[in-house]
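No value in this document is a laboratory result; all are computed from the given coordinates. Fair warning: this is a prediction, and the values are worked out from it, not measured in the lab. Please note: Cβ atoms are built from the backbone with ideal geometry, for glycine as well, and neighbour counts cover all protein chains shown.
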Amino acid sequence: MHLLNVKFVTVILLLILLGVLYSYIFRAYRIVVSFEQKDKIPVDRAHDSSLVVPDQPAPHADFRAHDSSLVVPDHLQYEQPSIVKGNDVVTVTPWLAPVVWEGTFNPVLLDSIYRPKNITIAATVFAVGKYIMFLRNFLETAEQHFFVGFRVHVYVFTDQPKEVPMVKMAAGRQLMVRSVPSSKRWQEISARRMEMIQTLIEEKLFKSTDYIFCLDVDSKFHGRWGTESLGRLVAVVHPGYYRDKRSRFPYERRPASRAYIAPEEGDFYYCGGAFGGLLQEVHLLTKTCRANFEADAQEDIEAAWQEESHLNRYMWTNKPSKVLSPEYLWQDFKAKNPEIQIIRFSGVVKNYAEIRPNV
Ligand code: UD2
């Protein structure tokens, strides 16, 4: 009887031990499986590439995954920020976005972080009518300075596809040409870029591209423009106004326009000639600016600086996650200010009367 009890207890203990071993092995197996599944997510497009617009529930909304956008309430009153103090540069905005100046970053370090991510960067440039004359210089200097060593796809929008110069491009870099209609008004050519960039993203880029920069063609590169400029939403401070009081910025000042900003409002005056960021962010920006521009047009109002005014209004509420200093879009006719150590990209001198279809 006693011996039977001992046998019975031993069997029970053995069964418990087997149970523990089984669940341990099974758990370990499940962990390995989940690692394998995770590894299958492509690293090159691992950040969210969905095109979610406001008012639609975000995917995984149940995770309280507020996106990382920096949206502030309209008409919030606060002191005007600045990117310079005397001859010193300010390297962070009041919403803690970096302001990129020469000396604030290590290009070798940043490139080595981004290279394994295998990213694709798109650039858009419009060369309509006589502006085609600027294209060669833009493309050739981009080859020398714009994301050298990275996969870059340049999209040229033009009404003269046959006139697009054949520029030799390095491995991994491509030029794509899209036909667009001409216009009798330069304001329309400039402003409709928002609509065409929105369409390009929707039709072509969203599966293949990580970041996009939208640039003016009457410009050229002089120095490095690379991974230091990557961010969720990226704006460039205009070289003409960064020492001015905001009441003097050329924002749209008529309340009837959707681009209106009051004299005591706004952060910086940003360039219409260079902006960018993650694909889905630029999609939302272009879609919003286009919709506001068109709604204004329905009411016979055109903002003072067309899409640039709408871009400034957008960036006032939707703060950029990275601000590029005026090194990233200088103007050739302007002497270099003391805080500008390097000019990376600048607008060339042009004769407006000669090159624009209207005055
Ligand atoms: C500023 C902005 C520009 C735009 C404009 C307001 C900068 C450096 N520039 O420059 O981006 O916001 O104000 O509308 O911030 N284009 C053509 N053909 C034309 C006219 C324009 O292709 O006949 C394209 C071209 O890519 C050009 C761009 O539109 O670079 C902007 O036109 P702009 O350079 O004449 O505008 P601008 O100098 O007033």
Every pair of residues 6+ apart whose Cβ atoms lie under 6 Å, when the first sits in region 286-311 and is basic (K, R) while the second is within 15 Å of the ligand (Cβ to nearest atom):
R290/M194; R290/E195
If you go through region 131-156 one residue at a time, how many are of a type in the set (A, V, I, L, M, F, W, C) and either in contact with a helix residue (DSSP H, G or I) (Cβ under 6 Å, 6 or more places away or on another chain) or surrounded by fewer than 17 Cβ atoms within 10 Å (Cβ to Cβ) (or both)?
3
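Working only within region 204-229, note down all residues that are of a type in the set (D, E, K, R) and more than 16 Å from the ligand (Cβ to nearest atom). It would help to see each step written out before you state the result.
Going residue by residue through region 204-229, those that are of a type in the set (D, E, K, R) are 204, 207, 210, 216, 218, 220, 224, 228.
Residues satisfying the conditions are K204, K207, D210, R224, E228.
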I'm trying to understand the selection: among the residues of region 328-359, which are charged (D, E, K, R) and surrounded by fewer than 18 Cβ atoms within 10 Å (Cβ to Cβ)?
D332, K334, K336, K350, E354, R356
For region 72-184, which fully contained strands (runs of 3 or more DSSP E) count at least 3 residues that are within 16 Å of the ligand (Cβ to nearest atom), in contact (Cβ under 8 Å) with a residue 60 or more places away in the chain and within 26 Å of M315 (Cβ to Cβ)?
120-127
Among the residues of region 289-327, which ones are surrounded by 17 or more Cβ atoms within 10 Å (Cβ to Cβ) and hydrophobic (A, V, I, L, M, F, W, C)?
C289, F293, A303, W305, L311, M315, W316, V323, L324
Can you tell me how many residues in region 197-222 are surrounded by fewer than 18 Cβ atoms within 10 Å (Cβ to Cβ) and either assigned to a helix (DSSP H, G or I) or out of contact with any strand residue (DSSP E or B) (no Cβ under 8 Å at 6 or more places or on another chain) (or both)?
6
Could you please find all residues in region 69-116 being small (G, A, S) and closer than 25 Å to I342 by Cβ?
S82, G86, A97, G103, S112
Only one of these conditions is not met by I355: (1) within 16 Å of the ligand (Cβ to nearest atom); (2) closer than 25 Å to T199 by Cβ. Which number is it?
(2)
Report the residue count in region 325-352 for those that are near the ligand (Cβ under 10 Å from one of its atoms) and without any contact (Cβ under 8 Å) to a residue 40 or more places away in the chain.
1
